[in-house]
Amino acid sequence: MRWTDKYRPKAFKDIIGNGKQKKEIEAWVENWKNDIPQECLLLIGPAGTGKTSIAHIIASNFSEFIELNASDKRSYDIIMNTVGESATTQSLFSNERKLIILDEVDGIHGNDDRGGTRAIGKIIKTSHHPMVMTANDFYSKRLTSIKPKCKVIKINKVHTNSINALLKKICKEEGVIADPVAIKELAKRSNGDMRSALNTLQVIADDSKKLELSDLDTVSQKDNTNNIFDSVRRVLKSKSIDKIKKSMMLDEDPTLVMEYLAENIPREYEKPEEIKKAYEMISEADLYFGRARSSRNYTYWRYATDFMGIGVALSKEETYKKFTRLTGSMAFALMGRTRGKRALRDRIAEKMSKKLHVSNSVAISMFPELEIMFENDELAYEIASYLDFDDDEIKRFRNRKIPKKVIKKMEKRKLEEKAKTKVFKESSLNVAIENKDKTEKTSQIEKNTESENLKKDKKKKYSVKSENENKNNNQKNTENKDKKEKKETAQKSLFNF
Amino acid sequence: MSGPWVEKYRPQNLENIVGQTHIMDLLKNYVDEKSMPNLMFTGPAGVGKTTAALALVKSILGEYWRQNFLELNASDARGIETVRTNIKNFCRLKPVGAPFRIIFLDEVDNMTKDAQHALRREMEMYTKTASFILSCNYSSKIIDPIQSRCAIFRFAPIKGQDIIKRLEYIAKEENFEYEDSAIQIIVYFAEGDMRKAINILQASASMGEKITEDKVNDVVSKARPRDINDMITKALTGDFMGARDSLRETMVTQGTSGEDMVNQIYQDIVKRAMEGKMDPDIYINLIEAIAQTDFRIREGANPRIQLEALLTKFL
């Protein structure tokens, strides 16, 4: 039996870490039991932190459950047929609720699982039953439509010390004689992933019943970064072509190895001349990786590997006699850290690309000018409503929200304009109102020819009327109409010109 | 005022497009004949490729242009899958209320070779019902079979005087006063890119009643990231790690493209050399290195790695 199953937590109290989240979930379950319907639950967190375990513990509180995970095909039809059906029906023999578990929802594949997210959205809306979903990636595009409809609970990585304690306990129960240092190392290397730690422990100690530090090196951990670091260190520290060639034979994406090498070159090499030479080699290697990619001619890789291995190694005058702490690619780390920021950026660019007929990258190149335009409250409001920005997106361009006062003023002005144009066209009786607050825009509208005014009249009448009926709801609607009209006016005047 | 001026003042018909008069005359023939071959517009950014395409489409398709028109730009998914399904399905349907349907693909040079190959079949299969307009920055990145199926129009950067006229027109429409010298400066920085010119104009206008030289300069210096200057200074003084960090910050977080980075680094170096802050020999070496980097990025290498390597040359 796999230890990961054997020692899978059976109740909430067995779950390690995430105390606050646990309480929230227990309350959720309790409410369901008391027949208070709750929002659908979405557990997000890295692998091996216990999301699926939690889902199953929740399931043990209900009489029945249905589970659909990544190994099942999850297209629109399949989800609707399996889960969708039961989501709206009740069991024949009992009144009790049944739990729906959708595991790894961010793993829904774009192509093969077409319509999967749409089906989930629909089920969330219509289901009478409790529902739990799990996902790894908070920023996954597939979650954007699901997230707002759910109660999102972030499950954090489990602390090394907690894993350490767990491993000790299991060693005791399994009768494994373990070196405490090795256990600690194993806990550390698992990087918060209990499943991987348990799996490694079982592979090493299931038969031999002992765990020593040296065992850890023979069993490959979940990630091979240690091996990459060995190769990187070899390249930076050695000048022997034979040794370097051998160390470059490793089971990794070579472009990743290149990133790690590039990252650590300036950490090891000190003379500018060396850094220059070494980086030139990296650049050369990268060029051939690029050529391999675009021409599908992967024989280029061998040159690239030589450039980044031997080339970088021979760029140093002499091997440094010092210890350098090697790090993973900080560029990747930066990408991870700024993921939310970048997602926001791309979301804005997407909105702009639709309205302005430009690609995302062109839209991004317009950001600096927009930033300056957004310093002006009124213009900020105009542009933001034209591009349909939400508050977060506005904050990308200015430090504070657009003051309520300005928004009110602009909205009022728009309404007045509409009223004015109506009055203007119907008769000149109400000139008084018009004079009260003259803006430059009226003059623009006045430019309209009389015949066009007549044509538009009907449309406007309608919009003003509806405004009075339901000001708030229709405001946006009329605003849009207003904009459209103004655009037409602008176009018209362009033609005249 | 409705949103950005670049969209508000986008010319809506072929007559109003500034600059490219030669091309517009040819395109007008297609409108008169109500038929057109597959077209390819190539040229730098902001010279009117998209505008010309949209205007042409509206004139040819008339009232029902929306129903008979499909626009896909580089940010839409345009893999082989899209070409095979979306575009194909669109081509298959009969045009309604128009002589034929038009598909506009922006920035085709960013499509993969596979997708381009899939496209080539569709361009010849549906000639009766659909025509294509492709736009790209570099026609060299388009596979030959596609180029040979298109009439190619090369858009030139817009001439200074044309940009001036347009900017003055917009300023007048928006009731802004301006200094002539301010417009001159905008034209200088826009380098033939009308979109950029209009963006700078609007940004300057947002800062006050009158568009002055000072405001334009302010906008241009603010809009050009200070980071580039800092980064180069760091590299030149030997702080490679610091320079590399700023490079990554600019590229990863702000999303500046490799191409833009090369341009800005180039401009910064030129500026330093012109101000006499750089030894001519070093200058030439650096330009050589920048040229090399530019070439490699276009060849398909990873822009960030290439630029990091470029920074080492500054040490």
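Annotations for the structure displayed:
- On the principal axes of its alpha-carbon atoms, the protein assembly as shown has extents of 96, 84, 56 Å, going from largest to smallest.
- Over the protein assembly as shown: helical MRE at 222 nm, DSSP H runs n ≥ 4 each giving -39500 (n - 2.57), nearest 500: -17500 deg cm²/dmol
- Binning all Cα-Cα separations of the range A:229-328 at 5 Å, short to long from zero, yields these whole-percent fractions: 2, 15, 26, 27, 18, 8, 3, 1, 0.
- Order of B:5, A:3, A:301 under a 10 Å beta carbon neighbour criterion, fewest first: A:301, A:3, B:5
- With eigenvalues of the C-alpha gyration tensor scaled by 5 and rooted, the range A:341-386, Å: 18, 12, 10
- The dipole here belongs to the protein assembly as shown: it is taken about the Cα centre, uses +1 on the Cβ of Lys and Arg and -1 on the Cβ of Asp and Glu, and is about 1980 debye.
- Under 12 Å of direct C-alpha separation, and excluding same-chain neighbours fewer than eight residues apart, residue A:125 reaches these aspartates and glutamates: A:39.
- Helix B:21-33 axis, angle to chain B major axis (alpha carbon atoms, nearest 10°): 20 degrees
- Using a Gaussian network model of chain B in which every pair of alpha carbons under 10 angstrom is joined by a spring, one finds that among B:37, B:145, B:280 the greatest mean-square fluctuation is at B:280.
- Reachable aspartates and glutamates from residue A:405, criterion Cα separation under 15 angstrom, eight or more residues apart if same chain: A:377, A:378, A:382
- Kirkwood-based Rg to Rh ratio, the range A:1-80, C-alpha trace: 0.98
- Degrees between helix B:49-61 axis and first principal axis of chain B (Cα, 0 to 90, nearest 10): 10 degrees
- Dipole size of the range B:226-312 about its Cα centre, with +1 on Lys/Arg Cβ and -1 on Asp/Glu Cβ: approximately 80 debye, rounded to the nearest 20.
- The aspartates and glutamates within cross-link reach of residue A:33, meaning a Cα-to-Cα straight distance under 16 Å and a gap of 8 or more places when in the same chain, are A:24, A:64, A:96.
- Among the listed pairs B:172/B:196; A:6/A:157; A:22/A:98; A:154/A:354; A:395/B:141, those whose Cα-Cα separation exceeds 27 Å are A:154/A:354; A:395/B:141.
- Degrees separating the helix B:213-223 axis from the principal Cα axis of chain B, which is the longest one: 90 degrees
Each reported figure results from applying straightforward, stated rules to the coordinates on display, with no laboratory input. Predicted model, so just to flag it, every value in this text is computed and none were measured. Cβ atoms come from the backbone with ideal geometry, glycine included; neighbour counts cover every protein chain shown.
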